[in-house]
1. If the reach is capped at under 14 angstrom between alpha carbons, list the aspartates and glutamates near Lys55, excluding any in the same chain fewer than eight residues apart.
2. Which whole-number percent is the relative contact order of the chain (Cα, under 8 Å, 6+ apart)?
3. Taking the Cα centroid of segment 76-146 and of segment 10-73, what is the distance between the two, rounded to the nearest whole Å?
4. Return the lysines within reach of Lys35: Cα separation strictly under 27 angstrom, same-chain partners fewer than 8 residues apart disregarded; answer none if there are no such residues.
5. Counting Lys and Arg as +1 and Asp and Glu as -1, what is the net charge of the other residues whose Cβ lies under 9 Å from the Cβ of Ala103?
6. Toward the positive end of the charge dipole of the chain, about the Cα centre and with charges on Cβ (Lys, Arg +1; Asp, Glu -1), which of Ala134, Val30, Asn102 goes farthest?
7. With charges only on Cβ, +1 for K and R and -1 for D and E, what is the dipole size of the chain about its Cα centre, in debye, rounded to 20?
8. P(r) for the chain, please, calculated from all Cα pair distances in 5 Å bins and given in %.
Amino acid sequence: MPRSRFAGSISSPKVDVAIDMGNPFLNVTVDGFLKIGTVAATRSAAEDAYFIVKKGNFSSHSFEDTLKKMCKEGAYWGTVAGVYAGMEYGVERIRGTRDWKNAMIGGALTGLTISAASSNNRDRVVLDAITGGAIATAAEFINYLT
């Protein structure tokens, strides 16, 4: 019996911006900030565009609100990503090895740092550190599987 098989792959274009800060740690941190900050700002713009189209009216006020939200979301998520990228790189340099434990420690330190900067609740800080470590570890394992 004849069989057919379909094989292929989907790949997206790769855009890479290199900004040399003169230090590998700073390079990794700024790269994470720019990449994820751009994604967050784009997501925010798309979400607001949807709601503007749904309402059916566009004004300069809604445009200003969209720009403010884009900057806020881009800066927040870019900062989180930059801190994580820097922490993971730092842990890798300190430990002298590249494995999933760097992601776990970097995620935990990032969760702890971001939470401590925005909250005084010790339980919240600890939970955010655990969550950051768990998410980073899971992302590392998923990335390894693909």
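1. Within the straight-line cut-off, Lys55 pairs with Glu47.
2. This gives 20 percent for the chain.
3. For segment 76-146 versus segment 10-73, the Cα centre distance is 22 Å.
4. Lys14, Lys68, Lys69, Lys72, Lys101
5. After counting each charged neighbour, the total is -2.
6. Ala134
7. Rounded to the nearest 20 debye, it is 400 debye.
8. Over the chain, the share of Cα pairs per 5 Å bin runs 2, 9, 12, 15, 16, 14, 11, 8, 6, 3, 2, 1, 0, 0 percent.
Here, each number is a calculation from the coordinates, and none is a lab measurement. Remember, predicted model here, so these are calculated numbers, not experimental data. So basically every Cβ, Gly included, is an ideal-geometry build from the backbone, and we count neighbours across all protein chains shown.
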